[in-house]
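J.: Here it is: the structure, laid out below.
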């Protein structure tokens, strides 16, 4: 199946630095959902974006949906240790798409 | 409400065997989806059931099958296991069927399958 590309695969940051992950699809998405998976845990829903160009914020997290509804981003400002985990985008609307490996956020000691 | 439950949590099988995994969705949820998660391949959609009918299917061979019961509980079966089937199998429930649905999925803890 066609895979939604998420980049980067890993991002190492110092606590307090910002973090961004991008989700790119070659096909138009009806909507997109973001999930976070803590180490050893299961994915937990963060947010859903539906409209073209939509921007949503949750405290230090900012989510954007591209104008063409083919890409999305998640930005975390001033990362904290509680942000550690893997962030996945779920390309809703096309079940032949694979979620992808996500972006793993690692806080440098 | 109780969350999504999956049994067993861990399983070890050998090549050629078959396995059945179980998922109980959140009470009131009628849609159950199954995913395979491997370190290198990420989350891959297997199939989705709604009201006992398979509504959507991912790109997996016929060895992977599932079903849903009238109480919305779902089972997934993998026959003739291969080494590459070793993975975390996640089940997610939502109150509506997918394909563009604006509904959150709630994941269970998963069943970790190891094929030797």
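J.: Given the structure, is residue B:73 within 11 Å of chain A (Cβ to nearest Cβ), more than 10 Å from the chain's Cα centre (by Cα), modelled with pLDDT of 95 or more and surrounded by 13 or more Cβ atoms within 10 Å (Cβ to Cβ)?
T.: When the stated conditions are applied, residue B:73 does not pass them.
J.: Being modelled with pLDDT of 95 or more, out of contact with any helix residue (DSSP H, G or I) (no Cβ under 8 Å at 6 or more places or on another chain) and within 13 Å of another protein chain (Cβ to nearest Cβ) is true for just one of B:110, B:100. Which residue is that?
T.: After applying the criteria, what remains is B:110.
J.: So, in the range A:11-27, how many residues would count as being touching a residue at least 60 places away in the same chain (Cβ under 8 Å) and more than 12 Å from residue A:88 (Cα to Cα)?
T.: Residues flagged as touching a residue at least 60 places away in the same chain (Cβ under 8 Å) and more than 12 Å from residue A:88 (Cα to Cα) within the range A:11-27 amount to 11.
J.: Determine whether residue A:102 is surrounded by 16 or more Cβ atoms within 10 Å (Cβ to Cβ) and either within 21 Å of residue B:42 (Cα to Cα) or modelled with pLDDT under 95 (or both).
T.: Yes.
Per-residue answers, yes or no, for (1) within 11 Å of the chain's Cα centre (by Cα); (2) at pLDDT below 95; (3) within 18 Å of residue B:43 (Cβ to Cβ); (4) within 14 Å of another protein chain (Cβ to nearest Cβ):
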site: A:7; (1), (2), (3), (4): yes, yes, yes, yes
site: A:10; (1), (2), (3), (4): no, yes, yes, yes
site: A:14; (1), (2), (3), (4): no, no, no, no
site: A:23; (1), (2), (3), (4): yes, yes, yes, yes
site: A:44; (1), (2), (3), (4): no, yes, yes, yes
site: A:47; (1), (2), (3), (4): yes, yes, yes, yes
site: A:55; (1), (2), (3), (4): no, no, no, no
site: A:59; (1), (2), (3), (4): no, no, no, no
site: A:69; (1), (2), (3), (4): no, yes, no, yes
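J.: In this structure, is residue B:86 surrounded by fewer than 19 Cβ atoms within 10 Å (Cβ to Cβ), modelled with pLDDT of 95 or more, out of contact with any helix residue (DSSP H, G or I) (no Cβ under 6 Å at 6 or more places or on another chain) and more than 9 Å from chain A (Cβ to nearest Cβ)?
T.: Considered against the rule, which asks whether it is surrounded by fewer than 19 Cβ atoms within 10 Å (Cβ to Cβ), modelled with pLDDT of 95 or more, out of contact with any helix residue (DSSP H, G or I) (no Cβ under 6 Å at 6 or more places or on another chain) and more than 9 Å from chain A (Cβ to nearest Cβ), residue B:86 comes out as yes.
J.: In the range B:12-25, how many residues are in a loop (DSSP other than H, G, I, E, B) and buried (at least 18 other Cβ atoms within 10 Å of the Cβ)?
T.: Qualifying residue count, the range B:12-25: 1.
J.: Restricting to the range B:67-85, name every residue that is touching a strand residue (DSSP E or B) at 6+ places or on another chain (Cβ under 9 Å) and over 16 Å from residue B:11 (Cβ atoms).
T.: Answer for the range B:67-85, where residues must be touching a strand residue (DSSP E or B) at 6+ places or on another chain (Cβ under 9 Å) and over 16 Å from residue B:11 (Cβ atoms): B:67, B:68, B:69, B:71, B:72, B:73, B:74.
The values are calculated or read from the model by the stated rules, or taken from the named source; none is laboratory data. Keep in mind it's a predicted model, so treat the numbers as computed, not measured. Glycine also receives a Cβ, built like all others from the backbone with ideal geometry; neighbour counts cover every protein chain displayed.
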